[in-house]
Amino acid sequence: MKSLWFCGVFIMLGANEALMAQTKDYPITPVPFTQVHFSDSFWAPRLEVNRAVSIPAAFEQAEQTGRMDNFKIAGGLMEGQHQGLFGFDDTDPYKIAEGASYALMVKPDPKLDAYLDELIGYFAAAQEDDGYLYTTLTNQACDIVKWCHPEKERWDNLQHSHELYNAGHMYEAAVAHYQATGERNFLDVALRNADLICATFNEDGLNIPPGHEEIELGLVKLYRVTGDEKYLRTAKFFMDIRGRSINGRELWGAYNQDHKPVTEQDEAVGHAVRAAYLYAAMTDIAAIYGDKDYRDAVDKLWQNVVSRKLYLTGGIGARHEGESFGENYELPNATAYNETCAAIALVNWAHRMFLLHGDSQYIDVLERTLYNGLIVGVSLDGKHYFYPNPLASDGKWDFNKGSAERQPWFGCACCPGNVTRFVASVPGLAYASKDDSLYVNLYVAGEAEIAMTDQAVKLDVETNYPWDGQVKVTAEPEKVDQTWTLRLRLPGWAWNRPIPSDLYRYAQTDESQVALCVNGESVTFRVEQGYARVTRAWQAGDTVELNLPMSVRRIMAHDKVEANQGRVALQRGPLVYCLEAKDNLDVDIDEFKLTNQAELAVDYRPDVLGGIAVLNINQPGLSEPVIAIPYNVWCNRGANPMAVWLVSR
């Protein structure tokens, strides 16, 4: 069997596959999401809603807004006028198709499979003879599409056209579909387009990078599925020429991360989604090529984000203007942008950083973003979305592209499609392996089948995480009496480190201790890179129990974060909490002052917002407790005031 990476996970290829996957890659191998089966009350329902509701609803929206028709028009399958304002609208069907392909890997669905084949037929028809595929130009719609369109010829406005960005999402979707079905119809479309781009962009051809990074990630995936190194070389070429004025090209500046060569960049700047896609691709190059310059650069960029530009909820991108990072420590609350797509990009980058370095700090950030600033982007019903994700709201300002609450779709619809493809693959973030070590990164009830170098292991996990911190792992190794190491992540929040920097700190030290038992007996354990190591000759049915302290913690921001001076936030386990007016009708959310004397009690309510643990804030002088809910479920009951950071006295 051979491994294939995509969307943050590896998929296993059969030995008789014609397409060969290369072997040089990250030192740590993630476990494919198809080998991980969640059965918990937090993620399992979200995965099913994504499959049964979000993906069909997104396809319907794409059809109603003409995105599918644009391909039909380009392919001569229908007559009509090109629809939409954006040159990147082609990516929405691609991204939803990627999510649908992941869903097929988990649960066969002949109707969905047939729908994808029909959709791929539209893509193939729209593709020009030499492989070019971009409906805006093929449909001669440059005078209709007012934003991000090329002029009148291919490649002549790459700063804005999104021609290459579209291609990257197509490649990722095509790889996912090939792995889900074994059919090459979509993959062949992608490869024809990639061959054209590889022949066009090189040292002897066009020396222009993409305006919006993404194709680099798609090209790496094509390299993995085909073993053809030209795709990898072209991905690196696009990164190598960024920030370099070759043949007199005028640099596009910090907004496009085109202000200096990528290996010289040390501060996260510009459009946050573009930046995080770039940093994830740079991490791919650092790992696959063993490139020290790229590795040093992503390490510096990571440190800048985590210590200067990361929201407590794990969001990135402080400014609505340019959907961009702000200055160091510029982290406003009500005007925070924190695009949902940026959270997805950060999780994918963080996962790659873990696979490169093997340190739990990257999963700490991944988990913070995943449970807070990312999943908040989609409603519990799976049909409504946030584009930006602020940390405060007055319930009136239309921060969400013209609304104060989630919307079913957007003119620029990048977030809904991105959510569908990401949520379907979340189980692929939970486990990883290296040699004789098995990493447990996320604690979710369910089962996993994991292949290590010389051993296959089935894990059964029992836990009610994130609502409590008790985790029981039962191992069923294929070979008994064989020695290997189970590495259990000790989240930073469990030992007085909210994130791996001084950007946030706990108001008080918690003396509670992490406890570990093996087969019912308490054991001491060695901690290495943030993981508790359990090394033994394993027997069938061996159990490891981890108890993570889950007291409610008050968090303070660095003194240089002006927006949060004199304020505290509340966190329990991985979840950041907020006050929402729906629960506190007699409280002015913005003016509420959390006293040091307030008692914070946990109350699990299975009938509220899908089942959540609320915090009862029993404040002296108030007859009723003030209620805090997890940030990730706010605004599921309509627009209303909300605040994460509370005035403290």
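What to note about this one:
- Carbon plus sulfur fraction of accessible area for the chain, probe 1.4 Å, in percent: 46 percent
- Rounded to the nearest 20, the Cβ-based charge dipole of the chain about its Cα centre (Lys and Arg +1, Asp and Glu -1) stands at 960 debye.
- Kirkwood hydrodynamic radius of segment 63-170, from the reciprocal of the average inverse Cα-Cα distance over all distinct pairs: 14.2 Å.
- Looking at segment 279-369, the pairs of alpha carbons with a distance over 23 Å make up 22% of the total.
- Note on segment 350-397: the C-alpha convex hull projects to 4.5 nm² when averaged across all orientations.
- Where labels lie 7 Å past Cα in the beta-carbon direction, separation of residue 624 and residue 513 in nm: 4.3 nm
- R0 of 45 Å, Cβ-Cβ distance residue 48-residue 551: FRET efficiency to nearest 0.05: 0.90
- Semi-axis lengths, Å, segment 372-440, gyration tensor of Cα atoms, sqrt of 5 times eigenvalues: 32, 14, 9
- The chain, accessible area per residue, ligands and nucleic acids excluded (1.4 Å, Å²): 35 Å²
- Placing a label point 7 Å from the Cα of residue 144 along the Cα-to-Cβ direction, the residues of segment 403-438 whose backbone N falls under 18 Å of that point are 411-413.
- Segment 102-234 - Rg over Rh from alpha carbon coordinates, Kirkwood radius: 0.98
- 5 angstrom amide H check on residue 646, placed H, neighbours 5+ away: 568, 569
- Using the Karplus relation 6.51 cos²θ - 1.76 cosθ + 1.60 with θ = phi - 60°, the per-residue 3J(HN,Hα) values for segment 633-643 come to 10, 5, 6, 8, 10, x, 5, 6, x, 8, 8 Hz, with x marking Gly and Pro.
- Note on residue 188 and residue 359: their simple-model spin labels are 4.7 nm apart, each label 7 Å out from Cα toward Cβ.
- Over all directions, the projected convex hull of the C-alpha atoms in segment 225-345 averages 8.2 nm² in area.
- Whole-Hz Karplus values for segment 184-194 come out as 9, 4, 7, 4, 5, 4, 5, 5, 4, 5, 5 Hz, taken residue by residue from phi with 6.51 cos²θ - 1.76 cosθ + 1.60 and θ = phi - 60°; glycine and proline positions read x.
- For the chain, convex hull volume per residue from C-alpha positions, Å³: 144 Å³
- Modelled FRET efficiency - R0 25 Å, residue 41 with residue 585, Cβ distances, 0.05 increments: 0.35
- Ranking 493, 466, 426 by Cα position along the charge dipole of segment 422-552, where only Lys, Arg, Asp and Glu carry charges on their C-beta atoms, puts 493 farthest toward the positive end.
- Remark: spin-label model distance residue 117-residue 380 equals 3.9 nm, labels positioned 7 Å along the Cα→Cβ axis.
- Placed amide H near residue 528: partners under 5 Å, 5+ positions off or other chain: 533
- Projected area averaged over orientations for segment 522-591, convex hull of C-alpha atoms, nm²: 9.0 nm²
The values are calculated or read from the model by the stated rules, or taken from the named source; none is laboratory data. Source: prediction; values computed, not measured. Cβ sites come from the backbone with ideal geometry, for glycine too, and all protein chains shown count toward neighbours. What goes into the accessible areas is simple: the full protein's heavy atoms, side chains included, and nothing from ligands, DNA or RNA. Shrake-Rupley method; radii C 1.70, N 1.55, O 1.52, S 1.80 Å.
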